[in-house]
1. Taking amide H positions as placed 1.01 Å from N in the peptide plane, with prolines and chain starts having none, which residues 5 or more places from Val32, or on another chain, fall under 5 Å of its amide H?
2. Can you run phi through the Karplus equation (6.51, -1.76, 1.60; θ = phi - 60°) for region 110-123 and list ³J(HN,Hα) in whole Hz, with x for Gly and Pro?
3. Strictly over 22 Å apart at the Cα level, which of Lys170/Lys230; Lys170/Lys228; Lys184/Lys228; Lys212/Lys284; Lys123/Lys170; Lys212/Lys283 would you flag in this model?
4. Suppose a student asked you for the relative contact order of region 80-220, using Cα pairs under 8 Å spaced at least 6 residues apart; what percent would you report?
5. With all protein chains present, how much of the accessible area of the chain (probe radius 1.4 Å) comes from carbon and sulfur, to the nearest whole percent?
6. So what is the diffusion coefficient of the chain in µm² per second by Stokes-Einstein at 10 °C and 1.306 mPa s, using a Kirkwood Rh over Cα pairs?
7. Please state the shape class of region 23-121: rounded when a/c is under 1.5, otherwise prolate if a/b exceeds b/c and oblate if not, all from the C-alpha gyration tensor.
8. Using amide H atoms built in the peptide plane, which far-off residues or other-chain residues are under 5 Å from Tyr186 H to H?
Amino acid sequence: MKKFFLAAVILLTLLAAYMLSREKQQGLMIGVVVPVQHQAMEEIVKGLSDTLNKEIKKPFTLRVENAQNDSIFLRAIIQKYKDAKVDIVVPIGTAATEMTLGMIHDQQIVSLASTLTDEQRKKRSPCNAAVVHDEIPVNKSLEFIHKLYPNLNKLVLIHSSSEKVLPEVKLAMEAAKQQGIVMKSYMINSLPELYSVSRAIPSDTQGIFILKDILVVSGVSTLVNLAKEKNIALIASDQGSVEEGAHVALGVQETQIGIEGGLLIANILKGAKACNLPIGEFKKLNVFVNNDVAIMQDIKANGLEKLVHELDYSLTLVSKKQITKDMHE
């Protein structure tokens, strides 16, 4: 059955690549690789699309394909873009970027929200990747959590087994210890495990912390319900998770990641080499806060606005899937 499924995927990929190549004959094509459905991904794509529409003066097609957290579909999408000779391939996230780099060598790549370093990309032959980072030091997240919730000393970290995430988990555990927080970690290998793990956390847990971890954030609604049930804080590391119901996050504006990617693509189309473009970094961090009345009252009681000002962050109130107000620039 598995061999039949793989054969079917390969056949469909070849057919899709043929159709895509015919579509590409009509002009410039940019192919986006979305690894999983999540609000953060939608914000990145929106920022990318809006910027390309402003910056590119000739007709183009922006193709967006979602792998739905399936590595077989992810590979099929990348293969399709390769076979169709899409002009620029745009993988989102570290895993999608690594697979794209492993498969594509003759097309320009613009990696968004990945950890690809300048040293890593320049080791490639040929070097064909431009990059926009979105990571923040995990010690800053734990410092922020400690200052926002000074009485919180028992925290749970739920994470995936991703090779990109595991080093961050180790750093998070060390940073928590430095802040006087006892943090217990739970690892999941697949989304269905999220529910069973969430049921296993200790009864005296005061909060749940999640990293910018694609597998976990794709199932954040499970954790939102758990946090509500236990009346504890759910602290994330991205805007999209707050839009899905998490209480607060320290991160970067997802749309800005897409905007930076769009500007890189515009420069490539003007003749710049992807590898020569500087890596996009975000020095100004943003605190995203769920605009739910009860959550806002709880967090404001901890002096949120004063803390954000002291740390020189920006503060954005967020409603479900809609940013409502920017309070501090």
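The values are calculated or read from the model by the stated rules, or taken from the named source; none is laboratory data. It should be emphasised that the depicted structure is a prediction, and the values quoted were computed from it without experimental measurement. Neighbour counts run over all protein chains shown; Cβ positions are idealised from the backbone, glycine included. For the accessible areas, the whole protein counts, side chains as well, though only heavy atoms, and no ligand, DNA or RNA atoms are used. Shrake-Rupley method; radii C 1.70, N 1.55, O 1.52, S 1.80 Å.
1. Arg63, Val64, Glu65, Val90
2. Couplings: 10, 8, 10, 6, 10, 9, 4, 8, 5, 4, 5, 6, 7, 7 Hz.
3. Lys170/Lys230; Lys170/Lys228; Lys123/Lys170
4. Result for region 80-220 is 20 percent.
5. Carbon plus sulfur share of accessible area: 53 percent.
6. 77
7. It is rounded, given that a/c, with a ≥ b ≥ c, falls under 1.5.
8. Residues meeting the amide H criterion: Leu157, Ile158, His159.
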